[in-house]
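The values are calculated or read from the model by the stated rules, or taken from the named source; none is laboratory data. Just so it is clear, the model here is predicted, and its values are computed rather than measured. All Cβ positions, even for glycine, are placed from backbone atoms using ideal geometry, and neighbour counts span all protein chains on display. These area figures cover heavy atoms from the full protein model, side chains too; ligands, DNA and RNA do not enter into them. Shrake-Rupley method; radii C 1.70, N 1.55, O 1.52, S 1.80 Å.
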Amino acid sequence: MTTFLELLVNGVSIGAVYALIALGFVIIFRATEVVNFAHASLLLAGGYVVARLHPSIGFWAALAAGVAAAAAVGALVEFLIIRRANTASHGVLAIVTIGVDIVLTTELTRRIGTDVLALGDPWRDRVVRLGPVSVAETRLVALAVAAALIAAFLLAFRHTGWGVAMRATAEDAEAAALMGVRRGRVSMGAWAVAGALAAVAALFLCVFPTPGLDRGTAFAAMKAFPAAILGGLDSTTGALAGGLVIGVTETLVTGYQNDLAFLGRGAGDVAPFLVMVVVLLIRPAGLFGTKEPARV
Amino acid sequence: MEARRQEARTDAHDSPPPAEPRDPPEPARPAGPVRTAEAAEAAEAGLVVRDLAAGYGPVTALRGVSLEVPRGSVVAVLGGNGAGKSTLLRAVSGTLRFHRGGIAAGEVSFGGRRLSGADPSAVVACGVVQVPEGRRIFARMTVAENLRAGALGARGARGRRAAAEARDRVLTLFPVLAERARQRAGLLSGGEQQMLAIGRALMARPVMLLLDEPTLGLAPMAAARIADTVREINAQGTTVLLVEQNAAMALSLARHAYVLEVGEVALSGPAAELAASDEVRRRYLGIGDDPAAPAGGAPATRPALARWPG
Ligand SMILES: Nc1ncnc2c1ncn2[C@@H]1O[C@H](COP(=O)(O)OP(=O)(O)OP(=O)(O)O)[C@@H](O)[C@H]1O
Ligand SMILES: [Mg+2]
C-alpha cells in the first residue's frame with residue numbers, strides 16, 4: 001500500500017509535467033491547426049540553456065533564460081516557417097515541423113554528446129516523509145509548479161483578451177480576423193507560450209531521480225504526445241487528463257515491473273503508447289476532443 | 001506576409017495603367033492646399049471600389065466592379081447565388097486569402113485610405129467591419145465572450161470605458177443578448193444569432209458596417225426586425241453596405257442600389273428607381289411576369305413582394 005501511494009504521488013507529479021507539455025501542444029493545435037512534432041526539441045532547447053547557463057549565472061536566472069529561449073525558439077519557428085507557409089495544408093505543415101524537430105534535436109544532441117548535464121536545481125535529492133510515504137522533494141515541487149502554471153494558463157485562457165482572441169481564432173479564424181484579431185500574433189503567442197511551458201517541463205523531467213539532461217530527454221518528452229492525443233488534440237481539459245493518465249500509468253507499470261515481468265523490461269516506456277491506442281480505439285477524437293486526428 | 005504578397009500581386013496587375021491622376025499614391029506628394037482639399041473630399045467619399053477584379057485561383061468572381069457608398073448612407077448590392085456579392089465584401093475586408101483568393105486588379109479605399117492589400121485587422125482599425133454571411137458567431141463561446149471578441153480590434157483607445165459604452169449600445173439595441181449573456185452562443189435561435197453577429201460587429205464601433213445577407217434563413221418577422229435594426233444603426237450615424245438576395249427588403253432600406261450579375265455590375269441607380277424598373281421587378285422581385293400586376297405600383301406593393309427565388 002505504501003509503495004502504491006508513493007507511486008501514485010510520483011505518477012501524478014510526472015503526469016502534471018506531461019500535462020504542461022501536452023497543454024503547449026494543444027494550444028498550438030488550436031491556434032494554428034498544426035500538429036507540432038517539434039515540441040520535444042523546444043523542450044530540449046529550454047533544458048539545454050538552463051544546463052549550460054546555471055554554473056555562471058545561478059539556477060533561477062538560468063531557468064528564466066531557458067524559458068525565454070524556448071519561447072523565442074517557438075516564436076521563431078512560427079514566424080519563419082508556419083506563418084510563411086500558411087497557404088500550405090496543415091498536414092504539410094505538420095511534416096515541416098518534423099523537419100524542424102530533426103534539425104534542432106540533432107544539433108542539440110551533438111552539443112550534449114554523451115554528457116549528462118545537471119540543471120543545478122536547489123532541491124537536489126532531498127526526500128520528504130509524509131507518514132510512511134516518502135517522496136522526492138523535486139516531485140512535490142513539480143506538482144505544485146505545474147498545477148500553478150496550468151491554473152494560471154486556464155484563467156488567462158478564459159478571461160483575458162489574449163485568451164478570447166485565441167479561442168475565437170481556434171473556432172473560426174476568418175470570423176476572428178473580421179473582428180480585427182491579428183492571426184499572426186495569436187499564433188506566435190501560442191508558440192511562445194508552448195515553448196515556455198515546455199522549458200519548465202524540461203526542468204522537471206531532468207531533476208532527481210533522473211540523473212540530468214541527456215540525449216534521451218527528448219524521448220521522455222515524447223511521452224506527452226500520447227497525453228495530448230488521448231485527451232483530444234483540441235482540448236485543454238484533455239491535455240490535463242491525458243497527462244495524468246499517462247504519468248500514473250507509466251509510473252505504476254514501471255513500479256510494479258517485477259510483478260509484470262511477462263510484459264518484458266521497459267514496459268513502463270511503452271505503456272503510455274498502449275494506453276493511447278486503446279483510448280483511440282474507443283474514442284477516436286480522444287477523451288475530450290472534438291476533432292479527430294484524421295482531420296489533420 | 002500574406003498581405004504583402006497579395007499586394008505585390010495587385011501591384012503587378014495594376015502597373016500597366018499607372019495610378020490615375022486624381023488618385024495619387026498616399027505619401028507621394030507633399031501636403032499642400034490642393035492635397036488638403038482632395039483629402040477632405042476623399043474623406044467624405046466613404047467606401048470607393050474602382051475597377052475591382054477578384055477571384056479564387058483560376059476562378060474569376062468579380063470583373064471591373066466599381067461602386068461607391070457615401071458616408072452616412074445605406075447602399076444595397078443585389079444579385080443571385082454566385083453573383084459575387086460575398087467576394088466583393090471579402091475583397092473589402094481583406095479576407096479573400098482565407099479562401100485562397102485575391103484581388104487581381106482595381107482598388108478599394110475608405111475615406112481616401114487604401115484598403116486593398118491591407119490586413120483584415122487594418123480594415124477593422126479603419127472602422128470598416130463586416131458581418132459575414134451565415135452569421136459565423138463563435139458557437140462554443142458565451143454570448144458575452146462573443147461580444148468581447150468583437151471589441152478586440154476596435155479602433156483607437158481600447159479602453160474599458162469605450163468597450164463598456166459599445167456594449168451598452170449593443171445591449172440596448174438587442175436586449176435579448178443581455179438576457180442570454182452567459183449562454184453558449186450556439187444555443188441561440190437563428191434570429192438571435194444574427195443579432196449577436198451584428199452586435200459583435202458593433203462592438204468594434206464601426207464607421208461603416210458591411211452586412212452579408214443578414215436575413216438569410218430567417219422567418220419574415222425576424223427579417224423585419226433585422227431590417228428595423230439596420231435602419232436604426234444607420235440613423236445613429238453608421239454607413240451601411242447591405243448585400244441581400246431579399247431585394248424587396250434591401251430596396252426599402254437603401255438609398256442607392258447595385259445589381260451584380262456573374263461578377264459584373266449589371267444595373268445601378270437610386271433604390272426607388274430600381275424597385276420600379278421592369279427588369280428588376282421581373283428578375284429580382286419575381287412579380288413582373290404577372291400581367292395583373294399594376295404598372296408602376298411598386299411602392300404600394302412593396303411589402304407584399306416575394307423573395308427573389310434564386
Ligand atoms: N472559396 C471559393 N473558392 C472558389 N470559388 C469560390 C469560392 N467562393 C466563391 N467562389 C466562386 O465565386 C463566385 C462568386 O461567389 P460568391 O460567394 O461571391 O457569390 P454570392 O453572390 O455571395 O452568392 P450567394 O448569394 O450564394 O452567397 C461563384 O462562382 C463561386 O463559385
Ligand atoms: Mg454570398
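Considering the conditions (1) open to solvent by less than 10 Å² (accessible area, probe 1.4 Å); (2) free of Cβ contacts under 8 Å to residues at least 60 places away in the same chain; (3) farther than 30 Å from A:Thr254 by Cβ, A:Gly74 is excluded by exactly one of them, (2).
Consider B:Leu260 carefully, then state whether it is within 29 Å of B:Ala151 (Cβ to Cβ) and within 16 Å of ligand 1 (Cβ to nearest atom). Criteria not met by B:Leu260. The condition of being aromatic (Phe, Trp, Tyr), outside any helix (DSSP H, G or I) and either more than 14 Å from every other protein chain (Cβ to nearest Cβ) or farther than 26 Å from A:Val100 by Cβ (or both) does not hold for A:Phe153. Check whether at least one residue in the stretch B:174-190 is touching a residue at least 12 places away in the same chain (Cβ under 8 Å), open to solvent by 20 Å² or more (accessible area, probe 1.4 Å), within 14 Å of chain A (Cβ to nearest Cβ) and hydrophobic (A, V, I, L, M, F, W, C), and report yes or no. Scanning the stretch B:174-190 turns up no residue that is touching a residue at least 12 places away in the same chain (Cβ under 8 Å), open to solvent by 20 Å² or more (accessible area, probe 1.4 Å), within 14 Å of chain A (Cβ to nearest Cβ) and hydrophobic (A, V, I, L, M, F, W, C). Taking the criterion of being hydroxyl-bearing (Ser, Thr, Tyr) and more than 14 Å from chain B (Cβ to nearest Cβ), the residues of the stretch A:87-110 that qualify are A:Thr97, A:Thr105, A:Thr106, A:Thr109.
Of the listed requirements (1) at pLDDT below 90; (2) under 16 Å from B:Arg140 (Cβ atoms), A:Gly184 misses just one: (2). Reported count of residues in the stretch B:181-234, each being part of a helix (DSSP H, G or I) and within 16 Å of ligand 1 (Cβ to nearest atom), is 3. Evaluate the following for A:Leu80: is it among the aliphatic types (A, V, I, L, M), open to solvent by 40 Å² or more (accessible area, probe 1.4 Å) and within 14 Å of chain B (Cβ to nearest Cβ)? Yes. Residues in the stretch B:267-284 that are open to solvent by less than 50 Å² (accessible area, probe 1.4 Å) and in a strand (DSSP E or B): B:Leu267, B:Gly269.
For (1) in a helix (DSSP H, G or I); (2) under 22 Å from A:Glu250 (Cβ atoms); (3) modelled with pLDDT of 90 or more, each residue gets a yes or a no:
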residue: A:Gly15; (1), (2), (3): yes, yes, yes
residue: A:Ala22; (1), (2), (3): yes, yes, yes
residue: A:Arg30; (1), (2), (3): yes, no, no
residue: A:Val50; (1), (2), (3): yes, no, yes
residue: A:Trp60; (1), (2), (3): yes, no, yes
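Screening the candidates A:Thr290, A:Thr210 for the property of being out of contact with any helix residue (DSSP H, G or I) (no Cβ under 7 Å at 6 or more places or on another chain), assigned to a loop (DSSP other than H, G, I, E, B) and buried (at least 16 other Cβ atoms within 10 Å of the Cβ) yields one hit, A:Thr210.
Taking the stretch B:98-137 only, how many residues are surrounded by 24 or more Cβ atoms within 10 Å (Cβ to Cβ), at the interface with chain A (Cβ under 10 Å from one of its Cβ atoms) and aromatic (Phe, Trp, Tyr)? Final tally of qualifying residues: 0. Only residues that are closer than 18 Å to B:Pro206 by Cα and of a type in the set (S, T, N, Q) were counted in the stretch B:69-103, giving 3. Screening B:Leu88 on (1) free of Cβ contacts under 8 Å to residues at least 12 places away in the same chain; (2) within 16 Å of ligand 2 (Cβ to nearest atom) shows it passes everything except condition (1). Scanning the stretch A:273-286 for residues that are part of a loop (DSSP other than H, G, I, E, B) and modelled with pLDDT of 85 or more returns a single hit, A:Arg283. Restricted to the stretch B:140-149, and to residues there that are of a type in the set (A, V, I, L, M) and facing another protein chain (nearest Cβ under 7 Å), the residue that is surrounded by the fewest Cβ atoms within 10 Å (Cβ to Cβ) is B:Met141.
Exactly one of (1) within 11 Å of chain A (Cβ to nearest Cβ); (2) buried (at least 20 other Cβ atoms within 10 Å of the Cβ); (3) not hydroxyl-bearing (Ser, Thr, Tyr) is unmet by B:Val69. Its number? All conditions are met except number (1). Here is the figure for the stretch B:227-264: residues that are touching a Gly at 6+ places or on another chain (Cβ under 8 Å) and open to solvent by 10 Å² or more (accessible area, probe 1.4 Å) total 7. The residue list A:Leu143, A:Leu233 contains one member that is outside any helix (DSSP H, G or I) and away from chain B (no Cβ under 14 Å), which is A:Leu233.
One residue stands out in the stretch B:51-66 among those that are away from ligand 1 (no atom under 11 Å from the Cβ) and at positive phi: the one that is most open to solvent (accessible area, probe 1.4 Å), namely B:Asp51.
Given the criteria among the basic types (Lys, Arg), in contact with an Asp or Glu (Cβ under 9 Å, 6 or more places away or on another chain), part of a helix (DSSP H, G or I) and at negative phi, does A:Arg110 qualify? Taking the combined requirement at face value, the residue does not satisfy it. For the stretch B:73-92, a residue qualifies if it is within 6 Å of ligand 1 (Cβ to nearest atom) and in a helix (DSSP H, G or I), and the qualifying residues are B:Lys85, B:Ser86, B:Thr87.
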